């Protein structure tokens, strides 16, 4: 069972608070200007990690330590420049160097393997991509106006830009796969899906979340619903996870309709992509398809009421620039649910930053 791999939620929150205290102690132990410089120069660290991911350094080291010449030859880099990058990354705890001078994977470096079980290589490549960096350079305008800047910069909505630029679109899809892989175990460990005979995954992409639910619930069946060109890529993933025979694949837009007949409707990282009016359209279409009493489960970052570091505060900026959308608080989700015809019943935390927002059709 996947639940054996997941610590209790209370322990995860306690660790977060402990890390927060340590971080504040660190800040108070150094001059404010030095602490602020660390944060500012974090952009350089992130870009160095992106380069390591683009070069597939971790893949090259997967079979064992390599000298700088061998490593540079495998990844197609200048040996001196690569050695300097590795020195900088090792100082941040990414990769290791043996006493004989050879470079090796460590726990952090291994997460940049493209085929690793919890890879974040796709996310690293997306965050450091020149186009994505350019989008973030528009944050000032987004804060001044409260409007999405990506459509103004690119002349088209964000998702259309990804379709029109296949190279960036592929990197984006790999990044979203990384996030899905990181989220599915905490989500399925935190919630009991066994009461549901049919689970409809709205905007489910290739079906990674749905496959995890069905793996945890052997008696259930699923409906995977997304744009036709998206679900074309689903069968291979569903077969790989052994659930293809229990999934009906349906193509369409959740702005038009949603398949009927679900005992539960799930949507992971969908509603945060849209401003309130479009989010309501999606949820109302779910309500039109759902029978009274059917369960709605949104897997999203829920903005907490504390002031500790929370990744959702930064994805909120990403949503603002891309589509004028937002991450939301529990109160904001409650309002959306009520306006769409659902009653929010509870927010289920997980060991990850993501939560499950449960509601019932009324």
For region 64-74, which residues satisfy the criterion of being in a helix (DSSP H, G or I), under 15 Å from residue 97 (Cα atoms) and in contact (Cβ under 8 Å) with a residue 12 or more places away in the chain? 68, 71
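Among the residues that make up region 100-109, is at least one of them crowded, with 21+ Cβ neighbours inside 10 Å, in contact with a strand residue (DSSP E or B) (Cβ under 9 Å, 6 or more places away or on another chain), in contact (Cβ under 8 Å) with a residue 24 or more places away in the chain and under 22 Å from residue 311 (Cβ atoms)?
Yes; the residues of region 100-109 include at least one that is crowded, with 21+ Cβ neighbours inside 10 Å, in contact with a strand residue (DSSP E or B) (Cβ under 9 Å, 6 or more places away or on another chain), in contact (Cβ under 8 Å) with a residue 24 or more places away in the chain and under 22 Å from residue 311 (Cβ atoms).
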Report yes if residue 181 is without any contact (Cβ under 8 Å) to a residue 24 or more places away in the chain and either under 26 Å from residue 124 (Cβ atoms) or not in a helix (DSSP H, G or I) (or both), otherwise no. no
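Each row is one residue, and each column tells you yes or no for (1) surrounded by fewer than 17 Cβ atoms within 10 Å (Cβ to Cβ); (2) in contact with a helix residue (DSSP H, G or I) (Cβ under 7 Å, 6 or more places away or on another chain); (3) within 19 Å of residue 353 (Cβ to Cβ).
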| site | (1), (2), (3) |
| --- | --- |
| 162 | no, yes, no |
| 186 | no, no, yes |
| 194 | yes, no, no |
| 204 | no, yes, no |
| 209 | no, yes, yes |
| 216 | no, yes, no |
| 219 | yes, no, no |
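Kindly state which helices (runs of 4 or more DSSP H) lie completely within region 75-164 and contain at least 1 residues that are more than 24 Å from residue 179 (Cβ to Cβ) and not assigned by TED's automatic domain parsing to the domain that holds residue 47.
It comes to 139-145, 150-154.
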Against the conditions (1) in a helix (DSSP H, G or I); (2) free of Cβ contacts under 8 Å to residues at least 60 places away in the same chain; (3) in contact with a strand residue (DSSP E or B) (Cβ under 9 Å, 6 or more places away or on another chain), where does residue 12 fall short? Just the number, please. (2)
Flagged in region 186-200 as in contact (Cβ under 8 Å) with a residue 40 or more places away in the chain and either assigned to a loop (DSSP other than H, G, I, E, B) or over 22 Å from residue 351 (Cα atoms) (or both), in numbering order, are 191, 193, 195, 196, 197, 198, 199, 200
The correct count of residues that are without any contact (Cβ under 8 Å) to a residue 60 or more places away in the chain and farther than 22 Å from residue 156 by Cα in region 308-326 is 5
Out of 4, 34, which single residue is in a helix (DSSP H, G or I) and modelled with pLDDT under 90? 4
Sole exception among (1) closer than 30 Å to residue 151 by Cα; (2) touching a strand residue (DSSP E or B) at 6+ places or on another chain (Cβ under 9 Å); (3) in contact (Cβ under 8 Å) with a residue 60 or more places away in the chain for residue 295, by number: (1)
Condition first: surrounded by 15 or more Cβ atoms within 10 Å (Cβ to Cβ) and either farther than 30 Å from residue 171 by Cβ or in contact with a strand residue (DSSP E or B) (Cβ under 7 Å, 6 or more places away or on another chain) (or both). Now tell me which residues in region 36-66 satisfy that. 60, 61, 65, 66
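The values are calculated or read from the model by the stated rules, or taken from the named source; none is laboratory data. If you're wondering where the values come from, they're calculated on a predicted model, not measured in any experiment. Note that each Cβ is placed from the backbone with ideal geometry, even for glycine, and that neighbours are counted across all protein chains shown.
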